[in-house]
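The values are calculated or read from the model by the stated rules, or taken from the named source; none is laboratory data. As the structure is a computational prediction, the values presented were derived from the model and not from experiment. Ideal geometry is used to build each Cβ from the backbone, glycine not excepted, and the neighbour counts take in all protein chains shown.
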Amino acid sequence: MKKVILLQILIAISLKMVGQNHNPVFIGIQPAITVEPFYEKGVFDINIFPAVVEIPIGNRVDFRFLPLINYHVGDMKNGISDLGFYSVFPVYFKEREKKTARPHGLYLGPVFGIGRNLINEHYTTTIALEPGYLFEAKNKFTISIGLQLGGSHFMYNTQPNEWVFHWGPKISLGFWL
């Protein structure tokens with residue numbers, strides 16, 4: 001019975017999303033590879049769940065959410081290394097006429113991320129800015145290109161905490177629904 005009710009709710013939400021006057025929702029992927037400064041050559045983390053969701057929350061501002069599940073590759077400690085998420089609030093320079101229009105153009109947004117590194121035993125808090133450009137979607141497909149610049153605070157279990165420089169190119173591929 002619970003499954004039937006849940007299925008009905010999901011169908012109702014889906015039907016609402018394809019109506020005429022709905023806010024667009026961007027669903028896509030943002031592949032990511034992380035190389036920390038203290039990693040040996042050839043060691044990296046790859047996000048194995050690179051999903052991204054973006055929804056407009058105003059005529060100029062969106063909310064973007066990205067889960068983080070990194071797999072560590074290249075040394076004796078291969079395995080799931082990081083669990084967390086980060087979010088971006090892209091503020092577009094060009095204001096949309098209405099919130100139901102798909103955003104596009106130049107943006108600058110604050111970035112906030114939290115996570116837990118299971119291999120190096122630390123919590124990570126990231127604060128950054130992301131300038132970028134979201135290409136106009138002619139149909140539904142679009143690409144977003146950005147660059148995150150900021151800092152990450154590592155709060156270790158057994159060693160002194162530290163701040164490290166955070167930067168990385170960000171490319172999202174996906175569709176507006």
If GLU130 satisfies every condition in (1) on the phi < 0 side of the Ramachandran plot; (2) charged (D, E, K, R); (3) more than 20 Å from the chain's Cα centre (by Cα) but one, which is the exception? (3)
When you check LYS41 against the structure, is it among the charged types (D, E, K, R), exposed (fewer than 13 other Cβ atoms within 10 Å of the Cβ) and either at pLDDT 95 or above or not in a loop (DSSP other than H, G, I, E, B) (or both), yes or no? no
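Could you say which residue among GLU130, GLU97, GLU121 is among the acidic types (Asp, Glu) and farther than 30 Å from TYR39 by Cα?
Answer to the selection: GLU97.
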Filtering segment 84-105 down to residues that are hydroxyl-bearing (Ser, Thr, Tyr) and touching a His at 6+ places or on another chain (Cβ under 8 Å) yields TYR92, THR100
If you go through segment 83-93 one residue at a time, do you hit one that is of a type in the set (Gly, Ala, Ser), modelled with pLDDT of 95 or more and surrounded by fewer than 17 Cβ atoms within 10 Å (Cβ to Cβ)? yes
Looking at segment 112-135, I want the residues that are under 14 Å from HIS153 (Cβ atoms) and have a partner that is in a strand (DSSP E or B) and of a type in the set (Lys, Arg) with Cβ atoms under 9 Å, at least 6 apart or on another chain. Which pairs are those? HIS122/ARG116; TYR123/ARG116; THR124/ARG116
Just need a number here: residues in segment 104-135 that are at pLDDT 95 or above, part of a loop (DSSP other than H, G, I, E, B) and surrounded by 15 or more Cβ atoms within 10 Å (Cβ to Cβ). 2
Residue pairs meeting the criteria (Cβ under 6 Å; at least 6 apart or on separate chains; first under 16 Å from THR125 (Cβ atoms), in segment 155-174; second among the polar types (S, T, N, Q) and surrounded by fewer than 13 Cβ atoms within 10 Å (Cβ to Cβ)): MET155/ASN161
Being assigned to a strand (DSSP E or B) and without any contact (Cβ under 8 Å) to a residue 24 or more places away in the chain is the filter here; which residues of segment 136-154 pass it? LEU147, LEU149
Matching residues in segment 94-103 - criterion: being touching a strand residue (DSSP E or B) at 6+ places or on another chain (Cβ under 7 Å) and either of a type in the set (A, V, I, L, M) or exposed (fewer than 14 other Cβ atoms within 10 Å of the Cβ) (or both): LYS94
From the list LEU66, LEU83, which residue is touching a Phe, Trp or Tyr at 6+ places or on another chain (Cβ under 6 Å) and in a strand (DSSP E or B)? LEU66
